[in-house]
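A.B. asks: Here it is, the structure, as structure tokens.
The values are calculated or read from the model by the stated rules, or taken from the named source; none is laboratory data. Please read all numbers here as calculations on a predicted model, not as lab measurements. Here the Cβ positions follow ideal geometry from the backbone for every residue, glycine too, while neighbour counts run over all protein chains shown. Note: accessible area is taken over every heavy atom of the protein model, side chains too, but ligands, DNA and RNA are not part of it. Shrake-Rupley method; radii C 1.70, N 1.55, O 1.52, S 1.80 Å.
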Amino acid sequence: MSNDRNWREKERSLSEVIRKYPDVSPFVIIKTDVQRRGVLYTEKALAAVDPDIHLTKLRSDYSNKEDLTPVSLTMRDGTSINVGDEGSGDAHSDRDPYQVDVVDGKIVLVDEGNVIEEVSYWEKPDYYEKVTSRGTPMWHVVSPRPQRLCIHPHQQCDFWKTPGYGCKFCTMSAVYHAGNKPELLNTQDIVETVAEALKEPGRNVNIFLTGGTLRGGKNFLDEELDCYIDILAGITRLFGGKRFPSQLISTAFSREQLRRLHDSTGLASYTADLEVLNKSLFEWICPGKAATIGYEEWKNRLYEAVEIFGRGNVDTGIVAGVELAQPNGFQTEEEALESTLSEADEISSHGVGVVGCVWKVHPGSVFRKQTSPSLEYYVRLARGLDQIRRKYNLSIDMDNYRRCGNHPDTDLSRI
Amino acid sequence: MMSAILGEEIKRALADPGTVRAVATVGKDGAPHIAFKQSLRLRGDGNLEYDEGIETSQTNKNLVYSIWFGKTVSISLLTPDRCGYNIVGRPLRVLIAGREFRTHYTAAREERGDIDLSAVWVIEPVASYEQSFDKRRQEEEAAHPLLQHLDRLTVTGQ
């Protein structure tokens, strides 16, 4: 159930938003709303799950699930809907979730009894039930999306080890403490699992790494850098030493660290997430990042990354909607939209793409009692971010709809 | 339902490797685009499908636009003996991952060597008609007898 029983009366419905924005893909609007509100599976929908075919269990930085609900969904146009990483339904308590049901033999999204759109379940990769030479289940090591291999070597975040330093929307530390995951994955396990996963034809188009901050080392973040270089060097050997379609989201490295990362691995693209495009909100929402690097320096490091990795190969992610968290966030969606798009324009003018994730309000986060913005806000933001990239002729191949799948704005870049 | 839309002649044309297959689409700028897609074939479920090898091709973009906004596409077939057919279709789904995509990916690479496959588009036929000139001329003269040059119709003018 939603926190606010009357939430539907306070914002435009899905069909009203689709009608109001006829130039925006209805598929992307539906996906956005499903990610915002989450899903619950009916008994018929769960009966349609075949654990030998569909992806159900998942261990990643934000997930540790072994139940038989599907990890997530795909739409008819190939769009991914990322609903399952943090557990479905219960995690989205700020509004009623959609239902996934079976109607006329098809798996469909349903809202208030109306069939919205057909979907399918993500499929399980070939490597999933195998173990590494050390005996580690490969599904503990690499988590799949339909076309991406995700590696999360550090499953906790050092910022959460300092009271008050964790990002307020984030559940990584809560998920880590709730489960039995190791804090650090073994590099040999990772490289063996990736090697096995790459044997599957026609599945993967990207290798992705991210994890919690590692603050240690001779210089700040050297420990995190060395961890990624170690893993990437092993994976790079699988590609004969050449650069390969890949993305790293890390804490923002210095110029020297970025140079070492680029020159000693085959990594093709780089991301350091600003999370929110406003200095004072960054300091409130991401206190650890703000205290150790700072908003302006974070941006400078992204611009330096463009010099090293090249234009179109660097972007930054935002948790779209947290700029409206209260009491310090923007008071109106109009104000938030204008400010966020203006700052996204400035950042993009330096060759850094800005991509938005749909903020889900999670029970394990500091922001658990917040309410995410309206669907209309997300649609306008996604359209704005897509338009900014077109204005600067900035490719988003590195983070397109086949990769993360949680960026409505990069879905819009398909046409 | 599909078999009624696609007659036996069209099915034979689709089964003939010598048939030329063109897909006409329109994108968000309204500009028409035609591309030859020799992999276009009939599926077991009565729909059509073709292998798209290039992610950023204009046809691929236009098909995404079409599935998003409910637009139709036009497919033309020309058989080796010059019979022409037209099929109006509606993009139904695109396969970009999963078991079915993998089957197509593997088959395409076995047939054509080291190529990549971006997607397999599934298109539902919603109408079809024969487009051969002789057939169309007969239909035209029967349906619109007033739309002819008179010199062709006089007793002495032939």
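A.B. asks: Checking the conditions here, which among B:Ser118, B:Ser132 is touching a Cys at 6+ places or on another chain (Cβ under 6 Å), closer than 22 Å to B:Leu48 by Cβ and open to solvent by less than 30 Å² (accessible area, probe 1.4 Å)?
C.D. replies: Among B:Ser118, B:Ser132, only B:Ser132 is touching a Cys at 6+ places or on another chain (Cβ under 6 Å), closer than 22 Å to B:Leu48 by Cβ and open to solvent by less than 30 Å² (accessible area, probe 1.4 Å).
A.B. asks: Another question, if that's okay. Of A:Pro51, A:Pro70, which residue is in a loop (DSSP other than H, G, I, E, B), modelled with pLDDT of 95 or more and touching a His at 6+ places or on another chain (Cβ under 7 Å)?
C.D. replies: Testing whether each residue is in a loop (DSSP other than H, G, I, E, B), modelled with pLDDT of 95 or more and touching a His at 6+ places or on another chain (Cβ under 7 Å) leaves just A:Pro70.
A.B. asks: Starting from residues that are in a loop (DSSP other than H, G, I, E, B) and free of Cβ contacts under 8 Å to residues at least 40 places away in the same chain, keep the ones in the range A:370-413 and report whichever is most open to solvent (accessible area, probe 1.4 Å).
C.D. replies: A:Asn393
A.B. asks: When you scan the range A:160-271 for helices (runs of 4 or more DSSP H) that lie fully inside it, which ones turn up with 3 or more residues that are closer than 30 Å to B:Ala107 by Cβ?
C.D. replies: Passing ranges, in order: A:187-197.
A.B. asks: Another one. Does A:Thr162 fit the bill of being surrounded by fewer than 17 Cβ atoms within 10 Å (Cβ to Cβ), of a type in the set (S, T, N, Q) and in contact with a helix residue (DSSP H, G or I) (Cβ under 9 Å, 6 or more places away or on another chain)?
C.D. replies: Yes; evaluated as a whole, the condition is true for this residue.
A.B. asks: Cβ contacts < 8 Å: first residue without any contact (Cβ under 8 Å) to a residue 12 or more places away in the chain, restricted to the range A:134-151; second residue surrounded by fewer than 22 Cβ atoms within 10 Å (Cβ to Cβ) and in a strand (DSSP E or B), any location; separation 6+ or different chain. Result?
C.D. replies: Pairs found: A:Pro137/A:Val131.
A.B. asks: Do we find that A:Ile293 is under 22 Å from A:Gln35 (Cβ atoms), of a type outside the set (Ser, Thr, Tyr) and crowded, with 20+ Cβ neighbours inside 10 Å in this structure?
C.D. replies: For A:Ile293, the condition - under 22 Å from A:Gln35 (Cβ atoms), of a type outside the set (Ser, Thr, Tyr) and crowded, with 20+ Cβ neighbours inside 10 Å - is not met.
A.B. asks: For the range B:1-89, please list each of the helices (runs of 4 or more DSSP H) lying entirely inside it that holds at least 1 residues being buried (at least 19 other Cβ atoms within 10 Å of the Cβ).
C.D. replies: Passing ranges, in order: B:8-15, B:58-69.
A.B. asks: When you look at B:Ser66, is it under 28 Å from B:Glu9 (Cα atoms) and either within 14 Å of chain A (Cβ to nearest Cβ) or of a type in the set (Asp, Glu) (or both), yes or no?
C.D. replies: yes
A.B. asks: Kindly evaluate B:Thr103 against the criterion of being assigned to a loop (DSSP other than H, G, I, E, B), over 23 Å from B:Ser66 (Cα atoms) and out of contact with any helix residue (DSSP H, G or I) (no Cβ under 7 Å at 6 or more places or on another chain).
C.D. replies: no
A.B. asks: Let me ask something additional. Any residue in the range B:86-104 that is on the phi < 0 side of the Ramachandran plot and at pLDDT 95 or above sitting within a Cβ distance under 6 Å of a residue that is surrounded by fewer than 18 Cβ atoms within 10 Å (Cβ to Cβ) and of a type in the set (A, V, I, L, M)? List the pairs, counting only those 6 or more apart or interchain.
C.D. replies: Hits for this filter: B:Val88/B:Val126; B:Val88/B:Ala127; B:Arg90/B:Val126.
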